[in-house]
Every structure is written in C-alpha cells, then in structure tokens.
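Visitor: This is the structure, below, for whatever I ask next.
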Amino acid sequence: MTTVIKPVTRQDLPQLQAISRETFKDTFEANTPDADMAQFLDQAYSAEQLTAELNTSGSDFYFIYQDQQLAGYLKLNIGDAQTEPLGDETLELGRIYILPAFKRQGLGNKLFAFAMQQAKDAGKQAIWLGVWEHNEPALKFYTKLGFKQFSDHIFQVGNDKQRDLLMRKPVF
C-alpha cells in the first residue's frame, strides 16, 4: 500500500468540504441532535469558512491518500491561527479526520508523525489538541501517543455545548 501526504490548495476546496462534512458527521452524529449537526456542518464547513481557513496565515491543511484514494486530512495551526492562545512555542493539531473506510489502517499514526515532524522542523516545544470528552476512540489514540490533559474548553456544535479536553505532548 502506498500512502502520500500532500498540502491542500484552494483548488481542493470541494474535496476538503466533502471530507470535512463526512468525517465530522460520522464521528459525532450519534451524539448530536440533527438540527445542531446541520447548523454546524453548514457553518463550519461552508465554502466561505473553509476558504477563510485555507487563507489564514499559520494554518495548513494536508490530505492523506491511500493507494491514490483520498482517505483523510490533517489541519495544523501555529501562532495566532491556534484556537487557544498558547503561544509561539506550540503547534495545534487542529484536525485529524479519517474517512470511515480507512480507519484502523494506521493513517492517523502517519498524520500524527507528520504533524510531529512539522512541529520539530518549526522548533516548537509542544504539540496540543482538543478532543471531545466522549470521543473514546480518539482519547485512547491520543493517550497512547503520550498526550496528557492540561485544560478544557467548550466546543459549540449548533446550540449544543460540548466539552473538549485540551491535551498536550512535548516535542522531542
């Protein structure tokens, strides 16, 4: 199997929008009211919102392909692009989203390794992320990678206030 990670460009917007909606819905639909899910998908993954994110300085997206098929993506934030003001010494792992058909094939590990290398190359001291407190598979994955909770914040999905655990890992 061949795995390739490539930067996402503005021309990739339709694919980014489709994969964002599908992966978010797959992960959170069972625990989110329909109206809240629809509102969130329309706002967070609109063409306008994703274009703004693609154009944000310090925010980078990467697609991961498995055997030439789009399998998921990664979003990294540094500096002012981070969703929490954690300073210039940190890199935020904003999203690791894998399509359902490609889960449990090691792609999340490959994206994490790529993110960690980006953090090292940029001279960052730590990598951090937010993960929903009830997303057990993700919590298990990040804990296994060595992330430790240091705080929390509210992540709004429509009118549904959800608690994200903020987790951090030193960059070696």
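The values are calculated or read from the model by the stated rules, or taken from the named source; none is laboratory data. Fair warning: this is a prediction, and the values are worked out from it, not measured in the lab. Glycine also receives a Cβ, built like all others from the backbone with ideal geometry; neighbour counts cover every protein chain displayed.
Visitor: Report every pair of residues separated by at least 6 positions or lying on different chains whose Cβ atoms are under 7 Å apart, first residue within region 112-136 and in contact (Cβ under 8 Å) with a residue 40 or more places away in the chain, second surrounded by 20 or more Cβ atoms within 10 Å (Cβ to Cβ) and part of a helix (DSSP H, G or I).
Guide: That search, which allows pairs on different chains as well, returns Ile127/Ala115; Ile127/Ala119.
Visitor: Now for a separate question. Consider region 153-172. How many of its residues are in contact with a strand residue (DSSP E or B) (Cβ under 6 Å, 6 or more places away or on another chain) and exposed (fewer than 14 other Cβ atoms within 10 Å of the Cβ)?
Guide: Total satisfying the criteria: 5.
Residues checked against (1) within 18 Å of Gly94 (Cβ to Cβ); (2) free of Cβ contacts under 8 Å to residues at least 24 places away in the same chain:
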{"position": "Ala30", "(1), (2)": "no, yes"}
{"position": "Pro33", "(1), (2)": "no, no"}
{"position": "Met37", "(1), (2)": "no, no"}
{"position": "Gln43", "(1), (2)": "yes, yes"}
{"position": "Thr56", "(1), (2)": "yes, no"}
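Visitor: Find the strands (runs of 3 or more DSSP E) located wholly in region 102-172 whose residues include 3 or more that are at pLDDT below 95 and out of contact with any Cys (no Cβ under 7 Å at 6 or more places or on another chain), and list them.
Guide: Values: elements: 126-132, 148-157, 160-170.
Output list reads 148-157, 160-170.
Visitor: Test Leu13 against the criterion of being touching a residue at least 40 places away in the same chain (Cβ under 8 Å), assigned to a helix (DSSP H, G or I) and within 21 Å of Leu145 (Cα to Cα), and give yes or no. Walk me through it before giving the result.
Guide: Numbers: touching a residue at least 40 places away in the same chain (Cβ under 8 Å): yes; assigned to a helix (DSSP H, G or I): yes; within 21 Å of Leu145 (Cα to Cα): no.
No; evaluated as a whole, the condition is false for this residue.
Visitor: If you check Lys75 against the conditions, is it of a type in the set (Lys, Arg), surrounded by 14 or more Cβ atoms within 10 Å (Cβ to Cβ) and assigned to a helix (DSSP H, G or I)? Can you show your working first?
Guide: Numbers: of a type in the set (Lys, Arg): yes; surrounded by 14 or more Cβ atoms within 10 Å (Cβ to Cβ): yes; assigned to a helix (DSSP H, G or I): no.
No, not satisfied.
Visitor: Does Asp60 meet the test of being surrounded by 15 or more Cβ atoms within 10 Å (Cβ to Cβ), within 19 Å of Lys6 (Cα to Cα) and either touching a Lys or Arg at 6+ places or on another chain (Cβ under 7 Å) or in contact (Cβ under 8 Å) with a residue 40 or more places away in the chain (or both)?
Guide: For Asp60, the condition - surrounded by 15 or more Cβ atoms within 10 Å (Cβ to Cβ), within 19 Å of Lys6 (Cα to Cα) and either touching a Lys or Arg at 6+ places or on another chain (Cβ under 7 Å) or in contact (Cβ under 8 Å) with a residue 40 or more places away in the chain (or both) - is met.
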